[in-house]
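Read through the structure below, which is laid out as structure tokens, and then see the notes.
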Amino acid sequence: MAKVLDSKIPAGPVPEKWKEYKAHQRLVNPKNKLKLDVIVVGTGLAGASAAASLAEMGFNVYNFCIQDSPRRAHSIAAQGGINAAKNYQNDGDSVYRLFYDTVKGGDYRAREANVYRLAEVSNNIIDQCVAQGVPFAREYGGMLANRSFGGAQVSRTFYAKGQTGQQLLLGAYSSLSKEVQRGKVKLFTRYEMEDVVIVDGRARGIIAKNLVTGKLERFSANAVVIATGGYGNTYFLSTNAMGCNCTAAVQCFRKGAMMANPSYVQIHPTCIPVHGDKQSKLTLMSESLRNDGRIWVPKKLEDAKALQAGTKQGYEIPEEDRDYYLERRYPAFGNLVPRDVASRAAKERCDKGFGVNNTGLAVFLDFSESIQRLGIDEIRQRYGNLFDMYEEITDVNPGEKACTKNGVDYYYPMMIFPAIHYTMGGVWVDYELQTTIPGLFAIGECNFSDHGANRLGASALMQGLADGYFVLPYTIQNYLADQAIWPRLSTDLPEFAATEKAVEAEIDRLMNIKGKRSVDSIHKELGHIMWEHVGMGRTKEGLEEGLKLLKALRKEFDTNLFIPGSKEGLNVELDKAIHLRDFILMGQLVAYDALHREESCGGHFREEHQTEEGEAKRDDEHFFYVGCWEYQGDDTKAPELIKEPLEYEAIKVQTRNYKN
Ligand SMILES: Cc1cc2nc3c(=O)[nH]c(=O)nc-3n(C[C@H](O)[C@H](O)[C@H](O)COP(=O)(O)OP(=O)(O)OC[C@H]3O[C@@H](n4cnc5c(N)ncnc54)[C@H](O)[C@@H]3O)c2cc1C
């Protein structure tokens with residue numbers, strides 16, 4: 001009989017579900033909270049907000065991160081902003097509209113009830129962060145300022161220059177620090193979770209590696225929460241921080257947590273193009289730039305050829321010879337179409353030969369019009385640090401005038417191209433953010449829950465903080481309510497010993513391969529396979545070939561990997577090797593999921609399934625479900641697919657339209 005997943009969506013109309021849930025869920029009384037321990041792995045926006053909130057409620061929290069400070073979590077890199085339905089601009093926003101935009105942006109592949117809850121709590125997040133002192137940008141009169149992000153026709157994005165993630169993380173970190181000071185949070189920096197410990201079918205602890213001493217340590221708790229971020233680095237080159245990895249999530253998958261919609265990977269349209277084969281990282285240029293920057297390529301192929309040859313510069317091409325292709329194709333949303341749509345449109349132009357840099361793989365993002373309209377001071381105030389970052393990397397200043405022709409000022413345009421950025425797929429969780437392993441929860445980017453097949457800009461920070469501040473602190477109580485009767489579990493239990501032994505054996509196996517290839521060289525090859533065969537445009541043949549290559553790459557990893565040094569003490573190469581082992585498995589999952597999903601939706605584009613105009617063509621009749629994958633006991637075995645059907649009642653499922 002086919003396995004059935006219980007998503008635990010509460011009964012009742014969509015707008016009432018969360019209120020109903022909270023009214024009837026089980027709670028833990030204050031005295032019992034003091035007896036209960038929760039492990040939170042991760043100190044990004046999701047993990048730090050959850051750890052601080054749970055500790056403030058009275059639980060004892062053990063909080064882990066791989067960096068030397070919680071503040072170095074990848075969330076710090078978030079630039080553009082965070083969405084909320086405050087409607088401060090009086091431009092027609094509402095909880096419903098944020099909910100609707102998010103479901104539509106995700107190409108109708110998200111769970112309705114989760115998304116409504118996200119939109120509902122979005123406003124609380126802003127209040128919480130303002131109370132913490134997060135310095136959001138303000139209007140002259142003192143009101144919080146907003147800007148627009150893709151997939152919306154309202155301005156609902158709150159921001160702090162181009163450093164929103166950093167400022168939000170400082171807010172969460174200050175709450176966390178207060179709890180550390182009170183003794184309610186015990187912080188373990190430079191510790192990496194290597195495995196989850198299951199006792200009697202429940203998550204009861206973790207095995208973590210002290211990254212400085214190399215020693216494995218055991219930690220027990222009444223529940224385990226992973227908030228360990230996304231798997232974008234599977235592609236080697238991405239906008240993610242170098243340390244981002246999916247080891248905790250993949251290890252939970254090996255232990256029985258399902259992985260949902262892994263093929264939903266986001267390719268961000270505005271990144272600095274790849275400029276050589278020695279790069280290990282790509283740089284994002286925030287989507288906020290699309291508020292005032294206009295994206296274009298030349299109308300004439302000869303101009304594109306001259307740009308590629310370096311005999312012409314972008315600013316030399318006059319207005320009438322520029323093709324603002326997003327404004328042309330999508331008049332209603334223009335440059336603010338969602339990321340998947342903008343990325344594919346850039347690829348389409350470049351595939352047709354209109355790319356503007358020496359590789360032909362770039363388009364322009366141009367501020368000439370907005371600088372003339374608003375003045376350079378205003379534009380610098382909005383995007384100054386992003387302009388500086390672009391100049392530092394490329395030596396071109398997008399705020400500098402290049403020439404004046406026929407009374408029109410032309411500024412140096414940025415060159416941008418799509419790059420791997422975010423992963424909508426992740427660990428399957430139910431409405432309570434609990435995985436298929438009782439007592440194991442997943443929050444933030446590492447779960448799959450709210451973005452369907454494409455995440456809208458500025459919604460990841462919203463989701464991470466919603467999960468950590470406002471959802472998990474409620475739902476975890478429903479699980480913990482009857483756990484206080486259990487004595488604190490000893491880490492001497494055989495389950496802890498066996499799990500630690502298995503991790504140790506795996507580390508020994510990797511150290512003893514003693515082959516010839518560095519971790520990075522294999523990772524680079526993985527990235528190449530993923531980008532070529534499981535990237536922006538996918539086909540049945542390409543995916544089958546990709547899976548073959550991934551199988552061969554796993555063999556290469558298992559037989560020809562070389563890790564210098566020893567497992568004792570600090571060994572960064574060993575840590576990277578562990579991550580790579582799991583990226584390879586994740587890559588296979590992405591490919592399996594992409595192969596089975598014979599439709600195009602959001603970030604998953606199967607070239608066989610597109611309209612005549614090159615838009616994604618969904619197949620709601622056959623694929624209106626969450627694709628959940630179950631481990632079959634061995635990395636070399638194909639995972640099994642289990643479907644969670646989607647049910648929509650508040651929103652009519654239709655074809656996405658950003659044209660009118
Ligand atoms: C360049 C860039 C800009 C972005 N800008 C925006 C934006 O403007 N708006 C927006 O909404 N989103 C943005 N995003 C997306 C957003 O930043 C992320 O989705 C979000 O910050 C993820 O938060 P998180 O808490 O889930 O994970 P992370 O911030 O990635 O934190 C993961 C945590 O887990 C820890 N960890 C990982 N593995 C282990 C392990 N095995 N053991 C112990 N600890 C572990 C890490 O140390 C870290 O503390 C951006 C992303 C990028 C790459």
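The values are calculated or read from the model by the stated rules, or taken from the named source; none is laboratory data. These numbers come from a predicted model, not from an experiment. Because the Cβ atoms are built from the backbone with ideal geometry, glycine has one as well, and the counts that use them run over all protein chains shown.
Worth a mention:
- Where residue 131 falls short, out of the listed (1) surrounded by fewer than 17 Cβ atoms within 10 Å (Cβ to Cβ); (2) not in a helix (DSSP H, G or I): (2)
- Breaking point among (1) farther than 30 Å from residue 618 by Cβ; (2) of a type in the set (Gly, Ala, Ser); (3) in contact (Cβ under 8 Å) with a residue 12 or more places away in the chain, for residue 505: (3)
- Taken as a whole, the condition of being of a type in the set (A, V, I, L, M), out of contact with any Gly (no Cβ under 6 Å at 6 or more places or on another chain) and assigned to a strand (DSSP E or B) does not apply to residue 466.
- For the residues 565, 535, the requirement of being closer than 30 Å to residue 217 by Cβ and part of a loop (DSSP other than H, G, I, E, B) singles out 565.
- Going through (1) more than 23 Å from the chain's Cα centre (by Cα); (2) among the hydrophobic types (A, V, I, L, M, F, W, C); (3) under 25 Å from residue 280 (Cβ atoms) one by one, residue 530 falls short only on (1).
- Residue match in region 569-579 (condition: in a helix (DSSP H, G or I), without any contact (Cβ under 8 Å) to a residue 40 or more places away in the chain and closer than 16 Å to residue 233 by Cβ): yes
- Helices (runs of 4 or more DSSP H) enclosed by region 215-330 - at least 3 residues per element that are within 29 Å of the chain's Cα centre (by Cα): 247-254, 325-329
- Restricting attention to region 374-392, the residues that are more than 15 Å from residue 286 (Cα to Cα) and in contact (Cβ under 8 Å) with a residue 40 or more places away in the chain total 1.
- Total residues in region 310-334, condition free of Cβ contacts under 8 Å to residues at least 60 places away in the same chain and of a type outside the set (Asp, Glu): 10
- Unmet criterion (only one of (1) modelled with pLDDT of 95 or more; (2) more than 23 Å from residue 233 (Cβ to Cβ)) for residue 64: (2)
- Selection of region 430-451 for residues being among the small types (Gly, Ala, Ser), closer than 21 Å to residue 100 by Cα and in a loop (DSSP other than H, G, I, E, B) yields only 449.
- Once region 2-42 is narrowed to residues that are on the phi > 0 side of the Ramachandran plot and surrounded by fewer than 19 Cβ atoms within 10 Å (Cβ to Cβ), the residue that is nearest to the ligand (Cβ to nearest atom) is 8.
- Leading residue by the ranking (surrounded by the fewest Cβ atoms within 10 Å (Cβ to Cβ)) among those in region 52-99 that are under 18 Å from residue 124 (Cα atoms) and within 14 Å of the ligand (Cβ to nearest atom): 53
- Check on residue 617, surrounded by fewer than 13 Cβ atoms within 10 Å (Cβ to Cβ), over 22 Å from residue 546 (Cα atoms) and in contact (Cβ under 8 Å) with a residue 12 or more places away in the chain: no
- Among residues of region 494-532, those that are in a helix (DSSP H, G or I), buried (at least 16 other Cβ atoms within 10 Å of the Cβ) and hydroxyl-bearing (Ser, Thr, Tyr), counted: 1
- Among residues of region 136-165 that are of a type in the set (Asp, Glu), those with a beta-carbon under 6 Å from a residue that is crowded, with 17+ Cβ neighbours inside 10 Å at least six positions away or on a different chain give the pairs 139/145.
- Unmet requirement for residue 140, which otherwise passes all of (1) away from the ligand (no atom under 15 Å from the Cβ); (2) in contact with a Gly (Cβ under 8 Å, 6 or more places away or on another chain); (3) not in a helix (DSSP H, G or I): (2)
- Taking each residue of region 181-206 that is more than 15 Å from residue 249 (Cα to Cα) and without any contact (Cβ under 8 Å) to a residue 40 or more places away in the chain and looking for partners that are near the ligand (Cβ under 10 Å from one of its atoms) and among the basic types (Lys, Arg) with beta-carbon atoms closer than 9 Å, six or more apart or interchain, yields nothing.
- Verdict on residue 624 being surrounded by fewer than 19 Cβ atoms within 10 Å (Cβ to Cβ), aromatic (Phe, Trp, Tyr) and more than 21 Å from the chain's Cα centre (by Cα): yes
- Residue list for region 485-505, filter: among the hydrophobic types (A, V, I, L, M, F, W, C) and either within 13 Å of the ligand (Cβ to nearest atom) or touching a Leu at 6+ places or on another chain (Cβ under 6 Å) (or both): 503
Results for (1) of a type outside the set (Asp, Glu); (2) under 30 Å from residue 331 (Cα atoms); (3) touching a helix residue (DSSP H, G or I) at 6+ places or on another chain (Cβ under 9 Å), shown as yes or no for each residue.
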position	(1), (2), (3)
119	yes, yes, yes
122	yes, yes, yes
134	yes, no, yes
141	yes, no, no
151	yes, yes, yes
171	yes, no, yes
181	yes, no, no
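- Some residue of region 338-352 being in a strand (DSSP E or B) and surrounded by 20 or more Cβ atoms within 10 Å (Cβ to Cβ): no
- When residue 360 is tested against the conditions (1) within 30 Å of residue 595 (Cα to Cα); (2) surrounded by fewer than 15 Cβ atoms within 10 Å (Cβ to Cβ); (3) touching a residue at least 12 places away in the same chain (Cβ under 8 Å); (4) more than 16 Å from the ligand (Cβ to nearest atom), the lone failure is (2).
Yes/no matrix, rows are residues, columns are (1) in contact (Cβ under 8 Å) with a residue 12 or more places away in the chain; (2) part of a loop (DSSP other than H, G, I, E, B); (3) touching a strand residue (DSSP E or B) at 6+ places or on another chain (Cβ under 8 Å):
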| residue | (1), (2), (3) |
| --- | --- |
| 582 | yes, no, no |
| 588 | yes, no, no |
| 593 | yes, no, yes |
| 628 | yes, no, yes |
| 635 | yes, yes, no |
| 638 | yes, yes, no |
| 644 | yes, no, yes |
| 649 | yes, yes, no |
| 659 | yes, yes, no |
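- Pair list, Cβ under 8 Å, 6 or more apart: region 537-553 residue more than 19 Å from residue 347 (Cα to Cα), other residue aromatic (Phe, Trp, Tyr): 547/592
- Flag for residue 174 being more than 15 Å from the ligand (Cβ to nearest atom) and either in a helix (DSSP H, G or I) or within 22 Å of residue 378 (Cα to Cα) (or both): yes
- Each residue in region 44-89 was checked for being hydroxyl-bearing (Ser, Thr, Tyr) and out of contact with any strand residue (DSSP E or B) (no Cβ under 7 Å at 6 or more places or on another chain), and 3 pass.
- For residue 452: the one exception among (1) within 30 Å of residue 276 (Cα to Cα); (2) within 16 Å of the ligand (Cβ to nearest atom): (1)
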